[in-house]
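Accompanying notes for the structure given below.
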Amino acid sequence: MGAGSAASGAGEPLTQHGPEAGQGAADQGGAVGLLCGAGLLPVRVAQSLARRGRRVVAVCIEGEADQAIAGVCAEVHWTGLAKLGRWIRLFKEARVEAVLMCGGIRKRRMFGSRSAMMPDWRTLKLWYDRLKSREDHTILGAVVEEFEREGIRVGSVPQHCPELIAPPGCLTRKQPTARQWRDIRFAWPIAKQVAALQIGQCVVVKDLAVVAVEGIDGTDAALERGGLLAGSGAVAVKVPKEGHDERFDIPCVGPDTADVLGRSGVSALALEAGRTVLLDREEVRRKADAARVCIIAVTAEGVREAEP
């Protein structure tokens with residue numbers, strides 16, 4: 001989940017009960033809570049947990065989370081963004097064994113009308129008393145600490161849904177060319193530094209020159225800008241920072257990423273194997289192959305050992 005802005009919705013949250021509610025099989029492994037932002041990830045995580053026999057309780061950010069989550073979870077609550085006290089209360093009432101934070105929050109919205117956040121008291125105390133900066137890692141790390149102060153353990157997607165993590169290897173028919181490998185090796189340490197500075201996780205390069213860096217607008221926008229500036233043949237690298245907290249700071253790519261690659265002109269994307277969520281990999285492969293782009297998951301060692 002990325003740090004972010006206000007979601008709409010004042011008043012009491014809407015509670016929904018999905019098809020799994022009350023089914024014995026769903027209770028066998030205990031309840032897991034999901035704090036759901038935007039994108040496909042919360043839905044795929046909920047489906048993965050349900051297949052494991054877990055009862056899934058979702059707290060969804062209005063204006064961000066996908067309505068499809070309601071068809072997957074045993075219990076769904078819709079609430080605003082700055083409602084930390086309410087999130088804690090809902091998860092404690094559901095007696096969840098752990099909470100996973102998944103999906104993005106459009107952080108740029110916080111630079112619009114801040115009054116739209118309508119924070120509760122616990123969020124206000126966190127925001128003004130505890131945060132030393134407004135960087136994603138700082139905000140989300142503080143949220144994790146608040147959950148754990150209340151006895152709510154915060155888990156990670158790799159821990160609970162390991163099949164969603166990208167293994168080493170080339171996902172697509174197209175393999176990186178020698179030229180693309182040069183750009184990957186060049187971009188990898190730069191992307192790591194950008195991530196360490198909490199600026200973004202993705203850089204776009206061409207012929208050993210940086211042409212775009214992910215900022216508050218996100219990876220898709222960085223790919224679009226990189227393709228616009230460099231034309232065809234640009235290469236992207238998307239990685240987490242070293243020592244990242246995989247409970248909330250893990251890169252995620254899926255079918256939409258393949259769509260952006262196809263229309264932007266970025267011809268190759270390198271991900272860090274074992275540290276990146278890859279959603280719907282068969283659909284990603286199909287779309288990337290149709291667009292004749294390369295997507296590869298590789299370790300840092302693999303980048304260093306790649307043929308020059």
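Only lysines eight or more places from K174 in sequence, or on another chain, were considered; those with a Cα closer than 23 Å are K206, K238, K287. Full extension of the chain between A68 and R89 yields a length gain of 5.2 nm, computed as 0.36 nm times the residue separation minus the alpha carbon distance.
Close amide H partners of V57, meaning residues 5 or more places away or on another chain with modelled amide H under 5 Å apart, are V32, G33, L34. When each of the peptides 158-165, 263-270 is scored by how many other beta carbons lie within 10 Å of its residues on average, the order from highest to lowest is 263-270, 158-165.
Each of L171, L100 was scored by other Cβ atoms within 10 Å of its Cβ. Listed from fewest to most, they are L171, L100.
With axes computed from alpha carbons, what is the tilt in degrees of helix 41-51 against the longest principal axis of the chain, rounded to the nearest 10 within 0 to 90? The two axes meet at around 70 degrees. By the rule of a second cysteine Cβ within less than 4.7 angstrom, the chain holds isolated cysteines at C73, C102, C161, C170, C202, C252, C294.
For the chain, the longest principal axis of the C-alpha atoms and the axis of helix 136-149 are separated by about 30°. Between helix 255-264 and the chain there is an angle of about 40 degrees, using the helix long axis and the longest principal axis of the Cα atoms.
Over the chain, dividing the summed -39,500 (n - 2.57) contributions of all DSSP H runs of at least 4 residues by the number of residues returns a 222 nm mean residue ellipticity of -10000 deg cm²/dmol. Counted residue by residue at 0.36 nm each, then reduced by the alpha carbon distance between them, the extension gain from L228 to R153 reaches 22.7 nm. Neighbour counts of other Cβ atoms within 10 Å put W87, W127, W121, W181 in the fewest-to-most order W121, W127, W181, W87.
Go through (i) 25.4, 85; (ii) 19.6, 59; (iii) 18.3, 59 and flag the label whose value is the computed Rg and Dmax of the Cα atoms in Å for this structure. Entry (ii).
For the range 165-305, the percent of C-alpha pairs falling in each 10 Å distance bin, counted from 0 to the bin holding the largest distance, reads 14, 50, 34, 2. Fully extending the segment from D220 to S133 would add 28.8 nm, taking 0.36 nm per residue of separation and subtracting the current Cα-Cα distance. Between Q175 and E246, the distance separating the two model label sites (each 7 Å from Cα on the Cα→Cβ line) works out to 2.8 nm.
Only the coordinates and a few stated rules stand behind these numbers; no lab work does. Keep in mind that what you see is a predicted model, and the values were worked out from it rather than measured. When we count neighbours, we look across all protein chains shown, and the Cβ atoms used for this are built from the backbone with ideal geometry, even at glycine.
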